[in-house]
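Heads up, the thing below is written out as structure tokens.
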Amino acid sequence: MANRLFFAIPVPRSQQLPLLKLQTQLEGAGRAVLASNFHITLAFLGSVNASAQQQLLHRWQDLTLPRCQLQFDQLTLWPQAQVLALTGRHCPTPLYQLAGALQRDAAQHGLHQSSRGFRPHVTLFRGATAEPALPLPQPIQVDCREVQLMISEPTPAGVSYQPLKRWPCHD
Ligand code: 3AM
């Protein structure tokens with residue numbers, strides 16, 4: 001059996017409110033992502049079979065990331081993907097390096113090959129086609145507290161994300 005996997009940083013529950021407020025202000029921009037699904041994708045892996053999954057977990061058993069923070073200060077529409085996301089211009093170096101290493105590892109092991117580098121973002125709406133009408137009043141902070149390997153599963157109620165493994169960030 002294969003799972004659709006990706007590495008991500010979840011948005012801590014205590015920091016989801018400003019994102020929910022933004023979704024309310026942008027109502028109608030597309031299909032709003034559920035707060036419980038807010039995350040920053042580090043590397044999308046695609047469909048991974050059981051043996052490749054075991055090898056992946058073995059290779060990344062010692063994954064580490066120091067606690068760090070991201071500041072998001074823009075709304076960006078990616079028209080082709082129909083994604084409206086919260087984006088930022090700055091990224092802590094360890095996070096940038098980890099995302100790059102995860103993406104390279106995936107490509108080297110026959111998993112998904114990312115066509116672009118890491119662009120930190122939190123997707124707020126899918127099915128979005130119009131440029132956001134709002135400037136961000138103030139930057140929104142997201143703390144990186146843990147890295148998760150997520151299983152993405154389609155359900156009748158929408159996509160469901162389940163953590164397969166979690167690596168807490170260290171001080
Ligand atoms: O919510 P975001 O955009 O951060 O866009 C998908 C989502 O990230 C991305 O993986 C995350 C979990 O689904 N994703 C899905 N299919 C993808 C693909 N074919 C993809 N990223 C790149 N290529």
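(1) open to solvent by 70 Å² or more (accessible area, probe 1.4 Å); (2) more than 16 Å from the ligand (Cβ to nearest atom); (3) modelled with pLDDT under 95: which one isn't true of Leu136, the others all being true?
Among (1) open to solvent by 70 Å² or more (accessible area, probe 1.4 Å); (2) more than 16 Å from the ligand (Cβ to nearest atom); (3) modelled with pLDDT under 95, Leu136 violates only (1).
When Ser115 is evaluated against the numbered criteria (1) assigned to a loop (DSSP other than H, G, I, E, B); (2) within 16 Å of the ligand (Cβ to nearest atom); (3) in contact with a strand residue (DSSP E or B) (Cβ under 6 Å, 6 or more places away or on another chain), which criterion, by number, is the only one it fails?
(3)
Just checking: which of the strands (runs of 3 or more DSSP E) contained wholly in region 56-106 hold 1 or more residues that are open to solvent by 20 Å² or more (accessible area, probe 1.4 Å) and closer than 21 Å to Leu22 by Cα?
In region 56-106, 68-72, 74-78 are the strands (runs of 3 or more DSSP E) which contain 1 or more residues that are open to solvent by 20 Å² or more (accessible area, probe 1.4 Å) and closer than 21 Å to Leu22 by Cα.
Starting from residues that are closer than 22 Å to Phe72 by Cβ and crowded, with 16+ Cβ neighbours inside 10 Å, keep the ones in region 153-170 and report whichever is farthest from the ligand (Cβ to nearest atom).
Ranking the candidates gives Cys169 first.
Out of curiosity, is Val11 over 26 Å from His170 (Cα atoms), within 13 Å of the ligand (Cβ to nearest atom) and either modelled with pLDDT of 95 or more or among the polar types (S, T, N, Q) (or both)? Before the answer, list the steps.
On the way: over 26 Å from His170 (Cα atoms): no; within 13 Å of the ligand (Cβ to nearest atom): yes; either modelled with pLDDT of 95 or more or among the polar types (S, T, N, Q) (or both): yes.
It is false that Val11 is over 26 Å from His170 (Cα atoms), within 13 Å of the ligand (Cβ to nearest atom) and either modelled with pLDDT of 95 or more or among the polar types (S, T, N, Q) (or both).
Of the residues in region 120-141, how many are assigned to a strand (DSSP E or B) and among the aliphatic types (A, V, I, L, M)?
Taking region 120-141 as the starting set, the residues that turn out to be assigned to a strand (DSSP E or B) are 121-126, 140-141.
From the residues that got through so far, the ones that are among the aliphatic types (A, V, I, L, M) too are 122, 124, 140.
Result for region 120-141: 3.
Can you name every residue in region 31-55 that is touching a residue at least 60 places away in the same chain (Cβ under 8 Å), open to solvent by less than 30 Å² (accessible area, probe 1.4 Å) and within 30 Å of Leu134 (Cα to Cα)?
Scanning region 31-55 gives Val33, Asn37, Phe38, His39, Ile40, Leu42, Ala43.
Would you please list the contacts, defined by Cβ atoms under 9 Å and residues six or more apart or on different chains, that run from a residue in region 130-157 that is on the phi < 0 side of the Ramachandran plot to a residue that is of a type in the set (Asp, Glu)?
Within 9 Å, the pairs are Leu136/Asp73; Gln138/Asp73; Pro139/Asp73; Ile140/Asp73.
Which of the residues that make up region 111-131 are open to solvent by 30 Å² or more (accessible area, probe 1.4 Å) and under 25 Å from Ser14 (Cα atoms)?
If the condition is that a residue be open to solvent by 30 Å² or more (accessible area, probe 1.4 Å) and under 25 Å from Ser14 (Cα atoms), then Arg119, His121, Arg126 are the ones that fit.
Taking the options Val122, Val33, name whichever one is at pLDDT 95 or above, under 18 Å from Gln141 (Cβ atoms) and touching a helix residue (DSSP H, G or I) at 6+ places or on another chain (Cβ under 9 Å).
Val122
Restricting to region 16-30, name every residue that is surrounded by fewer than 16 Cβ atoms within 10 Å (Cβ to Cβ) and either assigned to a helix (DSSP H, G or I) or among the hydroxyl-bearing types (Ser, Thr, Tyr) (or both). Don't jump to the end; show me each part of the working.
Within region 16-30, the first condition is being surrounded by fewer than 16 Cβ atoms within 10 Å (Cβ to Cβ), and the residues that meet it are 17, 20-21, 24-25, 27-28.
Correct list: Leu17, Leu20, Lys21, Thr24, Gln25.
The values are calculated or read from the model by the stated rules, or taken from the named source; none is laboratory data. Note that this is a predicted model, so its numbers are computed, not measured. Reconstructed Cβ throughout: ideal geometry from the backbone, glycine too, with neighbour counts over all protein chains shown. Note: areas computed on protein heavy atoms with side chains; ligands, DNA, RNA excluded. Shrake-Rupley method; radii C 1.70, N 1.55, O 1.52, S 1.80 Å.
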